[in-house]
Amino acid sequence: MIDKTVCELFAGVGGFRLGLEKSSKDWNTVWANQWEPGKKQQHAYDCYCSHFGKKDIHVNEDIASIDKSGIPNHNLLVGGFPCQDYSVARTGAKGIDGVKGVLWWEIRNILEIKRPPYVLLENVDRLLKSPAKQRGRDFGVMLTCFNDLGYDVEWRVINAADYGFAQRRRRTFIFAYSRKTTYAKKLLSSNAQCIINTNGFFANSFPILPTDSISTVKLSYNDLKDISDNFTYNFENTGYMSNGQIFTCTSTAVYMQPIPIGTILEKNVDDKYYLGDNLEKWMYLKGSKKINRTSKSGHNYMFSEGPIAFPDPIDRPARTMLTSESSLNRSTHVIEDPTTHQLRLLTPLEAERIQGFKDNWTNTGMPEKFRYFCMGNALVVGLVEVMGKTLDKIFSEEQVCNLSECDEMKAI
């Protein structure tokens, strides 16, 4: 087997690392990066270091300014990165460049230089459909980058609540692997339907109901600029790409009963979390509405939105938690405390439990508002724990010689 060495990008407060280490004690994070632009106080970085230590391997710098060749060799690259505009442009003698500041290109640069055999990434579910004017282009650009660098890819949009967790949070997970790996060679004996339904990484981690309705298309392009300008495709919530051949379908989870938020609530909550009697603004924000608006171009239109349950039912999992949690806005959770029967906000500790972190994980000196912000940015730790167990099996079957056959595989 190969060493279970990890590089964690956009590390936040350590959700990927915590999930992997809960799955197995053998995972060894050799380098991590966390940088919050425009912030004098780097609270997430400090929180990460308070739990994992080793500040010398956890770098608090803008990833764009870091020499990628100086990053230690690793066999698994992980990270949750923002959904951005992945279009590219020709730049004369410099060839083709991505839009400055888009973090995907930093990931790609690391892949090109370090060539880790395995990659696990997380993004919002709308990644597969963006941008609205050229559906599927952004994910097509990413798949093209992987394909050019010698990786095959599996992906799945996962709703954490479908697999027994306490939040209805839908996120796109991407698992890429070098075609030189034992895992990739093993899958050559399976067709796309088997990989999607039973044999692949996500099928083994999060079972789905069998499907045979799979669409396919071949990536055909002159260069990355060609994909950026012309590619469009209806990516579904599940898929697989091998050597540029894309297979995708709509899958349905083998449902597991989720955790209702009522089971993870604190008792004897401080009075500051209660809303009191002035509820008019909350009722307006949570209610349905139709509002006449005018666009920047002068076009008049009707803005409308449906109601959100007020208060949130505590016999169901939480809605998707956002970075604005606890502030006066439509997306903030409001519950009826089961002991006092009064309306209140979730506490920071309850927010941590919803994401699967240990109690008071973010209680490391940061302002309370930022504790909510960190949880809104985080991923569901339990999902990574499940995937970590699948990765553990994959790594146990990986042969070092298979990777060292290729000079490009620099991570071993």
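All of the numbers you see were taken from the coordinates with simple rules; none came from a lab. All values derive from a computational prediction rather than experimental measurement. For neighbour counting, all protein chains shown are included, and Cβ atoms are generated from backbone atoms with ideal geometry for every residue, glycine included.
With the simple model of a label 7 Å out from the Cα in the direction of the Cβ, TYR301 to ARG168 spans 2.5 nm.
Which value, in debye to the nearest 20, describes the size of the charge dipole of the chain about its Cα centre when Lys and Arg Cβ atoms bear +1, Asp and Glu Cβ atoms bear -1, and nothing else is charged? Could the numbers behind the result be given before it?
Values: 50 positive and 48 negative charges, 170 e Å.
The dipole of the chain has a size of about 820 debye.
For the stretch 72-84, putting each phi into the Karplus relation 6.51 cos²θ - 1.76 cosθ + 1.60 with θ = phi - 60° gives couplings of x, 4, 8, 9, 9, 9, 10, x, x, 10, x, 7, 10 Hz, in residue order, rounded to whole numbers and with x for Gly and Pro. Lys and Arg at +1, Asp and Glu at -1: add these up for the other residues within a Cβ distance under 14 Å of PRO317 and post the number. Charge balance near PRO317 sits at +2.
If you average the alpha carbon positions of the stretch 317-392 and of the stretch 110-167, how far apart do those two centres end up, in angstrom? Value for the Cα centre distance between the two parts: 24 Å.
Contact order normalised by length for the chain, with contacts defined as Cα pairs under 8 Å and 6 or more residues apart; what percent is it? Each step should come with its number before you reach the end.
Numbers: 800 pairs, mean separation 79.8, N = 412.
Relative contact order, the chain: 19 percent.
Gain on full extension, evaluated as 0.36 nm per residue between ILE113 and GLN342 minus their Cα-Cα distance, stands at 76.8 nm.
When the Gaussian network model of the chain links Cα atoms closer than 10 Å, the mean-square fluctuations of LEU345, LEU322, LEU188 top out at LEU188. Taking θ as phi - 60° and the Karplus parameters 6.51, -1.76 and 1.60, the scalar couplings of the stretch 245-257 work out to 8, 9, 10, 8, 7, 9, 10, 10, 5, 6, 5, 10, 5 Hz in sequence order, x denoting glycine and proline. Centroid-to-centroid, using Cα positions, the stretch 265-311 and the stretch 191-232 are 39 Å apart.
Expressed in whole Å with the largest first, what are the equivalent ellipsoid semi-axes of the chain derived from the C-alpha gyration tensor as the square root of 5 times each eigenvalue? Show your work: numbers first, answer last.
Details: eigenvalues 260, 132, 102 Å².
Taking √(5λ) for each Cα gyration eigenvalue gives 36, 26, 23 Å.
Using the Cα centre of the stretch 261-347 as the reference point, and only Cβ charges (+1 on K/R, -1 on D/E), how large is the resulting charge dipole? Debye, rounded to the nearest 20. Approximately 600 debye in magnitude.
Can you tell me the length gained on complete extension of the stretch SER69 to ASN222, counting 0.36 nm per residue apart and subtracting the Cα distance?
On the way: separation 153, 0.36 × 153 = 55.08 nm, distance 2.82 nm.
Taking SER69 through ASN222 to full extension adds about 52.3 nm, to one decimal.
By the count of other C-beta atoms within 10 Å, a proxy for reagent exposure, LYS358, LYS114 are ordered fewest to most as LYS358, LYS114. Between LYS289 and ASP46, the simple label model (points 7 Å from Cα in the Cβ direction) yields a spacing of 3.6 nm.
For the stretch 266-382, relative contact order (Cα pairs under 8 Å, six or more residues apart, normalised by length) works out to 23 percent.
Annotation: extensible slack from GLN257 through ASN234 equals 5.3 nm (criterion: 0.36 nm per residue apart, minus Cα-Cα distance). About the centre of its Cα atoms, the stretch 7-145 shows a dipole size close to 380 debye [charges on the beta carbon of Lys, Arg (+1) and Asp, Glu (-1) only; nearest 20 debye].
Evaluating 6.51 cos²θ - 1.76 cosθ + 1.60 at θ = phi - 60° for every residue in the stretch 208-224, the Karplus couplings come out as 10, 6, x, 9, 10, 8, 10, 8, 9, 8, 9, 5, 10, 7, 7, 7, 5 Hz, glycine and proline recorded as x.
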